[in-house]
1. Report every pair of residues separated by at least 6 positions or lying on different chains whose Cβ atoms are under 6 Å apart, first residue within segment 63-86 and modelled with pLDDT under 90, second among the aromatic types (Phe, Trp, Tyr) and not in a loop (DSSP other than H, G, I, E, B).
2. Against the definition (buried (at least 24 other Cβ atoms within 10 Å of the Cβ), in a loop (DSSP other than H, G, I, E, B) and either of a type outside the set (Phe, Trp, Tyr) or out of contact with any strand residue (DSSP E or B) (no Cβ under 6 Å at 6 or more places or on another chain) (or both)), how does GLY132 come out, yes or no?
3. Please enumerate the residues belonging to segment 179-200 that are closer than 16 Å to ILE163 by Cβ and touching a residue at least 60 places away in the same chain (Cβ under 8 Å).
4. Please work out which residue is nearest to ALA178 (Cα to Cα), limiting yourself to segment 75-93 and to residues that are among the aliphatic types (A, V, I, L, M) and in a helix (DSSP H, G or I).
5. Given (1) among the hydrophobic types (A, V, I, L, M, F, W, C); (2) surrounded by 22 or more Cβ atoms within 10 Å (Cβ to Cβ); (3) touching a Leu at 6+ places or on another chain (Cβ under 6 Å), identify the lone condition not met by PHE311.
6. Given the options LEU252, LEU231, LEU291, LEU264, name the one that is closer than 24 Å to GLN189 by Cβ and either out of contact with any His (no Cβ under 8 Å at 6 or more places or on another chain) or at pLDDT 95 or above (or both).
7. Among the numbered criteria (1) crowded, with 18+ Cβ neighbours inside 10 Å; (2) at pLDDT below 95; (3) in a loop (DSSP other than H, G, I, E, B), which single criterion is violated by ASN200?
8. Look at GLY294 and say whether it is part of a helix (DSSP H, G or I), out of contact with any Cys (no Cβ under 8 Å at 6 or more places or on another chain) and either over 18 Å from PHE121 (Cα atoms) or small (Gly, Ala, Ser) (or both).
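The values are calculated or read from the model by the stated rules, or taken from the named source; none is laboratory data. Bear in mind the structure is a predicted one, so any value in this text is a computation, not a measurement. Positions of Cβ are generated from backbone atoms using ideal geometry, with glycine treated the same way; all protein chains shown enter the neighbour counts.
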Amino acid sequence: MSPKGGAPNPLGCSRGCVPWQGLAGPVSPAAHPPAGAAPRLRLRALPHPPLPRHPHQIHLPQLPHTVPGSRGAEARGQEQSWYEEALGDAHPIIIYLHGNGGTRAASHRVQFMKLMGAADFHIVALDYRGYGDSSGYPTESGFTTDVLALYDWVKARSGNSSIIFWGHSLGTGIATNAARKLQEERGVQVDAIVLESPYNSIREAAAHVPITTIYRQFPGFEYLILDSIALANMFFRNDENVKVLACPLLILHAEDDAVLPVQLGRKLFETARGAYKDKSKVKFITFPKELGLGHDYISSNPELPALVKDFLNMK
């Protein structure tokens, strides 16, 4: 979405994004430069490298890490090793999976990190392959590999700290993909998932984003726009993923979301609640349109940390 008050873009798509037809774009923490070289910003489509069989074996360079506010003063001037050790301090860790377009450094994403950091969460963020300072070509399976690599890296350092997948917009599908893969292939549950401004599938999302409005009246809309997404192997089936998950699941949606309407989030909640054995593990929170939070600015609501902590039974 454009800056607050401007015209929205599809799922926040601008530079470094997954366009609906070609679905080409961004980069991964899994890709590493030659020894001693700094990561480079690459926004062109690159040949897709083979996916590693074991994501946890990928070397991860220094990662953006916001420490809990209570440790902010202590963090000044510290080396990378200090930040890694800090992940085991029992404060919860958010692995933040941003939406389509731009990078983790977008202003509303930085605002999220500041807000949740001040509430004593660790936040570790990444740019997927093909986004920001990550190299590679964007694919759904590649995004999942990137997130699992980051999860393994964090898990190896987290001690007893809980780990939360927090996905926004496009990132919600990446979050549930990764959580489902952990559960089905490793028998591991992430401690919780937060889905901010989600959808049920990328096909459904594309049918609602503003950029497709003018095309919906034409007979070829489904073939030209929606079917092309499937041909690119982009599905992001939140609706199917939540049916098999068992971890606590919190869904957040603004009533004035003009990119992904609130009814999509409500539909996903109903699907999850219908599938979960323990209904108390699934919660849906909406934000009144009077707040003007739209698609990107739930992170500007000062009540957000308290809502999340209440759901997670944290003090």
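1. That search, which allows pairs on different chains as well, returns HIS65/TYR83.
2. Yes, satisfied.
3. ALA179, ARG180, GLN183, ASP191, ALA192, VAL194, LEU195
4. ALA86
5. Result: PHE311 fails condition (2) only.
6. LEU252
7. (2)
8. no
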